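Just below is one structure, and these are the notes that go with it.
The values are calculated or read from the model by the stated rules, or taken from the named source; none is laboratory data. Because the structure is a prediction, the values reported are computed rather than measured. When we count neighbours, we look across all protein chains shown, and the Cβ atoms used for this are built from the backbone with ideal geometry, even at glycine. For the accessible areas, the whole protein counts, side chains as well, though only heavy atoms, and no ligand, DNA or RNA atoms are used. Shrake-Rupley method; radii C 1.70, N 1.55, O 1.52, S 1.80 Å.
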Amino acid sequence: MSDSTLTSSDTATLTATLTASLTVEPIAGALGAEISGVDLGRTLPDETWDQIRRAFLEHQVVFFRDQRLDPERLKVFGRRFGTLNVHPFVKPLDGHPEVLPIIKEKTDRANFGGGWHSDMSFLPEPVMGSILYAIETPARGGDTLWANQYLAYERLSPGMQRLLDGMVAVHSAASQYGPDGESARNNPKRKGMEVAVTESAEIETEHPVVRTHPETGRKALYVNRPFTVRFKDMTRRESRPLLEFLFEHATREEFTCRFRWTDDAVAFWDNRCTQHYALNDYSGQRRHMHRVTIDGDRPC
């Protein structure tokens, strides 16, 4: 029966079936859940999307297996949660400016995202979420880790929380995309992607060290090693000891989960309260992903 021939009774039954069949199973104690019983490539009822959003907010990163998402379907998925971002420094997929092809060829030595970070915190309005779809995965290795930044804040001492509340940090893309940054060093080792090296990456923006999530109201630590360069009104040297402590603390093992990729798997994570790390442990194997990112708002 096609969607065009469904009666109102049929539609109600289909909606109830789709919503009831969705299951959410946590994968770790700190964060992360796998969702099954849903085909993201189909037209889904609002009730199902609402369930996915609730799981996303509760678990911070959600995973789906055995999906079939071409670039258009991937964009439709992302747009259910907001407008899509166009990355300022990475060449997109031809014909799809919102889609990043994230590729590590068999001969590449460097990967993309190979360090703990929150996507694009250097923007005045950093991206809200990221959706990564696996097209080709290595037989071994290539997992991604996430870290819960609610826990990172909540497990600090009361004294440290009081110190950080109200502090402001300066973020910049220079260490990754500037003339002396990671991309300048690693582009010769990474043939699968085109990543810009430009002085425009040196622009700085300011965000609170502790941000309040606009949907959950919870506080999360919001600094990350690639993009947080110093505290406002402090030098880099003065900022370094406390930042180093926070970078290490934010990614403690008990705050993390780990996902083993398979072809056609999807991860959808909340950049407002997580960091993530793509492991580079699959030398000689190819990994090919597509990513869309969802625009966010100014942290507060």
Tilt, helix 46-59 to longest principal axis of the chain (alpha-carbon atoms), in degrees rounded to tens, equals 30 degrees
Once normalised by the length of the chain, the mean sequence separation of its alpha carbon contacts under 8 Å that are 6 or more apart gives a contact order in percent of 33 percent
The helix 236-250 Cα axis meets the longest alpha-carbon principal axis of the chain at an angle in degrees, between 0 and 90 and rounded to 10, of 40 degrees
Rounded to 0.05, the calculated FRET efficiency for the beta carbons of residue 139 and residue 216 at R₀ = 41 Å is 0.60
Residue-ordered couplings for the range 275-290, obtained by feeding phi - 60° into the Karplus form 6.51 cos²θ - 1.76 cosθ + 1.60 and rounding to whole Hz (Gly and Pro as x), are 10, 9, 8, 8, 6, 10, 10, 9, 3, x, 10, 9, 9, 10, 10, 10
Plugging the Cβ-Cβ distance of residue 107 and residue 72 into 1/(1 + (r/R0)^6) at R0 = 45 Å yields, to the nearest 0.05, a FRET efficiency of 0.90
From most to least accessible, 1.4 Å probe, no ligand or DNA/RNA atoms counted, 203, 135, 103, 52 line up as 203, 135, 103, 52
Carbon plus sulfur, as percent of the 1.4 Å-probe accessible area of the chain, comes to 49 percent
Counting only protein heavy atoms and leaving out ligands, DNA and RNA, the solvent-accessible surface of residue 150 at a 1.4 Å probe, in Å² to the nearest 10, equals 0 Å²
So the FRET efficiency between residue 86 and residue 185, C-beta based with R0 = 30 Å and rounded to 0.05, is 0.75
For residue 283, the accessible surface traced by a 1.4 Å probe with all protein chains present amounts, in square angstrom to the nearest 10, to 110 Å²
Looks like the range 195-300, by Cα gyration tensor root eigenvalues a ≥ b ≥ c and the a/c under 1.5 rounded cutoff (else prolate when a/b is bigger than b/c, oblate otherwise), is prolate
Heavy-atom accessible area with a 1.4 angstrom probe orders 27, 102, most exposed first, as 27, 102
Taking a crude spin-label model, label points 7 Å out from Cα along the C-beta direction, the residue 194 to residue 57 distance in nm is 4.0 nm
Computed for the range 42-171: size of charge dipole around the Cα centre, +1 on C-beta of each Lys and Arg, -1 on C-beta of each Asp and Glu, debye to nearest 20, value 220 debye
Checked the range 61-175 with the C-alpha gyration tensor, a ≥ b ≥ c its square-rooted eigenvalues, rounded below a/c of 1.5, otherwise prolate if a/b is larger than b/c and oblate if not; verdict prolate
Nearest 10, in degrees from 0 to 90: the angle of helix 8-21 to the longest Cα principal axis of the chain is 50 degrees
Read-out P(r) over Cα pairs in 20 Å bins from 0, in percent, candidates [x] 33, 57, 10, 0; [y] 36, 60, 4; [z] 28, 50, 21, 2; calculated match is [x]
Taking a straight Cα-to-Cα line shorter than 28 Å from residue 189, and setting aside same-chain lysines fewer than 8 residues away, one finds 91, 104, 106
